[in-house]
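Student: Just passing along the structure, written as structure tokens.
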Amino acid sequence: MKNKINLKIPVIIIAVLCCMTAIFFLYEKNVPQKLPQPKRIVQHTDGRELSLEEMVDNATHITDAEYIGYEVDEYGVARFKFKPVNTIMGTFDSDIIYAVTGEKLEEKCTEGKVYMIFLEQIDSVYSDVQQYGFIQPQKKQLTAEDDGWQKQHDDVKAILESNPQLYQNDGEEKTFTLSNDMDEILNCSAHIFKVRVDNVFTESTIAPTTVYECSVTATLKSKPVNDNGNLLINMFNDTVEVGKEYIVLLSDAQESAPVYTLSSRNSVYTPEEAEQIPQLKELLSNAEEYTTVPDNKTNEEILAEEQAYIEEHGIE
């Protein structure tokens with residue numbers, strides 16, 4: 001994965017568009033300096049347009065694609081749909097590209113026209129489809145009818161030919177799997193714990209997920225990154241109940257603790273369900289009890305920290 005250029009970018013939470021990353025702004029607790037910064041749509045706030053070289057450098061996919069409209073999900077998130085016609089960089093696993101942006105792209109694109117678009121792949125276990133973010137969506141999108149169409153293609157080709165490593169830019173390494181195969185899920189699970197769900201921390205208004213405060217009661221694989229064992233786990237709605245215990249399979253949290261994410265869409269089981277799965281049954285037989293250190297901060301202190309963080313970063 002190549003290094004990104006150092007761009008000045010606004011605080012536009014791509015999680016508004018991609019279920020997961022909102023929790024890194026909204027669900028901060030105790031150690032905000034350890035929370036990773038979510039990927040953002042690459043745009044400037046100082047009025048300067050990105051150069052073509054910068055757009056290519058930050059893209060994981062470049063393609064000519066026909067705009068076929070957009071859809072708005074039940075949470076009000078718009079996904080703009082394109083059909084790839086001539087892919088210049090990257091590969092697509094679907095005949096439809098779902099792209100997200102904070103811009104009103106429907107006012108800038110016309111259905112049936114072909115545009116040259118620069119995209120950054122967005123990976124999230126909480127998204128039901130592969131999504132992409134636009135690189136500088138406020139810039140005019142060239143169509144096949146525009147005078148600069150061929151020149152831009154020639155310039156992009158020249159940039160790629162002079163920087164062959166850009167062809168290897170296929171996004172961040174995934175820390176989750178969309179597979180239902182337990183062996184593959186286990187391979188993506190850096191942490192496997194038995195946890196007690198203590199409270200609802202916050203419910204997402206843009207995705208079918210809820211972040212829960214959980215306490216580790218036993219470890220099946222690795223130890224909690226945060227030594228006290230208090231976790232914030234983002235889980236799908238209606239999959240757990242407060243007060244009960246579950247076996248959870250989680251992605252690596254070295255940079256995100258105390259926030260943990262699921263390693264797959266099938267990573268939460270009751271102890272009884274886990275006993276019926278051979279791989280988990282074996283892990284359970286060797287589980288070690290774990291004592292979570294109580295979090296002594298009051299709700300008022302936690303809320304004050306969250307509000308300070310929100311205000312510091314200009315989040316609405």
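The values are calculated or read from the model by the stated rules, or taken from the named source; none is laboratory data. From a predicted model like this one, the values you see are computed outputs, not experimental measurements. Please note: Cβ atoms are built from the backbone with ideal geometry, for glycine as well, and neighbour counts cover all protein chains shown.
Student: Which residue is farthest from Tyr269 (Cα to Cα), if the candidates are limited to region 191-218 and must be hydroxyl-bearing (Ser, Thr, Tyr) and under 19 Å from the mean Cα position of the chain (by Cα)?
Tutor: Among those residues, the one meeting the criterion is Thr205.
This table checks each residue for (1) at pLDDT 85 or above; (2) more than 30 Å from Leu249 (Cβ to Cβ); (3) assigned to a helix (DSSP H, G or I).
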{"site": "Gly133", "(1), (2), (3)": "yes, no, no"}
{"site": "Glu145", "(1), (2), (3)": "yes, yes, no"}
{"site": "Gln165", "(1), (2), (3)": "no, yes, yes"}
{"site": "Asp170", "(1), (2), (3)": "no, no, no"}
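Student: Right, something else. Would you mind telling me which numbered condition in (1) farther than 25 Å from Asp123 by Cβ; (2) surrounded by fewer than 22 Cβ atoms within 10 Å (Cβ to Cβ) Val216 fails?
Tutor: (2)
Student: Going through region 213-268 one residue at a time, which ones are of a type in the set (Gly, Ala, Ser) and assigned to a loop (DSSP other than H, G, I, E, B)?
Tutor: Across region 213-268, the qualifying residues are Ser222, Gly229, Gly243, Ser251, Ala253, Ser256, Ala257, Ser263, Ser264, Ser267.
Student: List the helices (runs of 4 or more DSSP H) inside region 269-316, counting only whole elements, that have at least 1 residues being within 12 Å of Ile247 (Cα to Cα), charged (D, E, K, R) and at pLDDT 65 or above.
Tutor: Values: elements: 271-275, 278-285, 299-312.
Because the criterion is at least 1 residues that are within 12 Å of Ile247 (Cα to Cα), charged (D, E, K, R) and at pLDDT 65 or above, the helices (runs of 4 or more DSSP H) in region 269-316 that meet it are 271-275, 278-285.
Student: Could you figure out which of (1) surrounded by fewer than 19 Cβ atoms within 10 Å (Cβ to Cβ); (2) farther than 15 Å from Ser263 by Cα isn't true of Gly229?
Tutor: Checking Gly229 against (1) surrounded by fewer than 19 Cβ atoms within 10 Å (Cβ to Cβ); (2) farther than 15 Å from Ser263 by Cα, the one that fails is (1).
Student: Please tell me if Ser179 is within 26 Å of Gln121 (Cβ to Cβ), surrounded by fewer than 19 Cβ atoms within 10 Å (Cβ to Cβ) and hydroxyl-bearing (Ser, Thr, Tyr).
Tutor: Answer is yes for this residue.
Student: Could you list, ordered by first residue, the pairs with Cβ atoms under 6 Å in which the first is in region 50-67 and touching a residue at least 60 places away in the same chain (Cβ under 8 Å) and the second is polar (S, T, N, Q) and part of a strand (DSSP E or B), at least 6 apart or interchain?
Tutor: Final answer for the pair search is Thr60/Gln121; Asp64/Asn86.
Student: Name the residue that is modelled with the highest pLDDT, counting only residues in region 147-163 that are outside any helix (DSSP H, G or I) and not small (Gly, Ala, Ser).
Tutor: Result: Asp147.
Student: Can you tell me how many residues within region 120-142 are surrounded by fewer than 16 Cβ atoms within 10 Å (Cβ to Cβ) and either under 14 Å from Phe82 (Cα atoms) or touching a Phe, Trp or Tyr at 6+ places or on another chain (Cβ under 6 Å) (or both)?
Tutor: 1
Student: Filter region 173-190 down to residues that are over 16 Å from the mean Cα position of the chain (by Cα) and of a type in the set (S, T, N, Q) and give me whichever is nearest to Pro258 (Cα to Cα).
Tutor: Checked region 173-190; the qualifying residue nearest to Pro258 (Cα to Cα) is Ser189.
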